[in-house]
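Input: a single structure, listed below in structure tokens.
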Amino acid sequence: MKEALFLLADLWMIFAGYFYGWKFIRRYGNYLLGLEWMVVATSGSNFLLWSLLGGDSDSVLYDVAYFFDAFSRSVGITLILIMGLMKVTHRYKPSLGVDVGVFGVAIVAGLFLRHFHGADIHTDRAAFWVAVFYVVVNLLTAVFLGYFVKRLWNAGARWPAIWTGLVTVAGTAIAITYDFFPLPFDDANRTIFYTAALATWGTQGFVYFRAYRALHDHNAALDANPARAIETLA
């Protein structure tokens, strides 16, 4: 039963990543969010394949999984997420060079930080500080997402605001639990934790897309009605 739930959670994350990632690109031209969503989906696909092939820690898929994990935890679902959402919060339109540059930074971070996965944070100081770094950047991202929730609420998108707040809290709980608080009732492969994590990350992809759409539509309505925009600012 646990394995079936794990597979369903992973398939959900894969679907949400590819489906909504493509929608971000095709509908809004947002390559930052679109490509990051697809990175998450590709990570899930790799993780699924690795699990189905036996979960061998000596497999190249194992190293690839931790690269993707480090990629998104360090820069992807932090800096790239913020920059992507700023398109609807601040009308921010990064240049192609910025897009390429930030993904380049994420790749370098993923290649470097993946080496610390599996190390005991209680005995390895470097691994401990990497784990702290992951939590800190997640909390900083959560602060911005709190602002994003406020913008949604003020725009009248109450349900997207509520769901964005809830899924952000869930994501932060996963980030804190990941390295520092392993579930005592979990198995050696942390099946329960990873099931919850994959389900949460997939739901974040779904909820953040709908929240982005709500704020985009609100901005479009204001652009079509300048008088209303002035009243909103007043």
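The values are calculated or read from the model by the stated rules, or taken from the named source; none is laboratory data. In this text the structure is predicted, and so the values were computed from the model without any measurement. When we count neighbours, we look across all protein chains shown, and the Cβ atoms used for this are built from the backbone with ideal geometry, even at glycine. The area values use the complete protein model at the heavy-atom level, side chains included, leaving out ligands, DNA and RNA. Shrake-Rupley method; radii C 1.70, N 1.55, O 1.52, S 1.80 Å.
Just a few scattered comments:
- Average accessible area per residue (Å²) across region 55-153 - probe 1.4 Å, nucleic acids and ligands excluded: 52
- Peptides 40-48, 215-223 ranked from most to least packed give 40-48, 215-223, packing being the mean of other C-beta atoms within 10 angstrom over each peptide's residues.
- Angle between the chain longest axis and helix 60-71 axis [Cα atoms, degrees, rounded to 10]: 40
- The chain, accessible surface, carbon-and-sulfur percent (1.4 angstrom probe): 69
- Region 71-145 shape via C-alpha gyration tensor axes, a/c threshold 1.5: oblate
- The Cβ shell under 15 Å around Tyr31 holds other residues with a net charge of +3, Lys and Arg each +1, Asp and Glu each -1.
- Helix axis angle, 158-180 relative to the chain longest principal axis, alpha carbon, degrees: 20
- Of the chymotrypsin sites (Phe, Trp or Tyr not before Pro) found in region 78-133, those that fall in a DSSP loop while having at most 15 other beta-carbon atoms within 10 Å are Tyr92.
- Label-point gap, in nm, between Leu7 and Ser57 - each point 7 angstrom along Cα→Cβ: 2.5
- For trypsin sites (Lys or Arg not before Pro), the sites in region 172-221 that DSSP calls loop and that have at most 16 other Cβ atoms within 10 Å are Arg190.
- Measuring between their Cα centroids, region 145-212 and region 79-140 lie 17 Å from each other.
- In region 135-234, chymotrypsin sites (Phe, Trp or Tyr not before Pro) in a DSSP loop with at most 11 other beta-carbon atoms within 10 Å: Phe185
- C-alpha long axis of helix 2-28 to longest principal axis of the chain, angle in °: 30
- 3J(HN,Hα) along region 81-87: 4, 4, 4, x, 6, 5, 5 Hz, from the Karplus curve 6.51 cos²θ - 1.76 cosθ + 1.60 with θ = phi - 60°, whole Hz, x for Gly and Pro.
- Its relative contact order, with pairs defined as Cα atoms under 8 Å and 6+ residues apart, puts the chain at 25 percent.
- Summing +1 for each Lys or Arg and -1 for each Asp or Glu among the other residues whose beta-carbon sits under 15 angstrom from that of Trp50 gives -4.
- Förster radius 45 Å - calculated FRET efficiency between His90 and Leu111 (Cβ-Cβ, nearest 0.05): 0.90
- Within straight-line reach of Lys23, meaning a Cα separation under 29 Å, sit the following lysines at least 8 residues removed in sequence or on another chain: Lys87, Lys93, Lys150.
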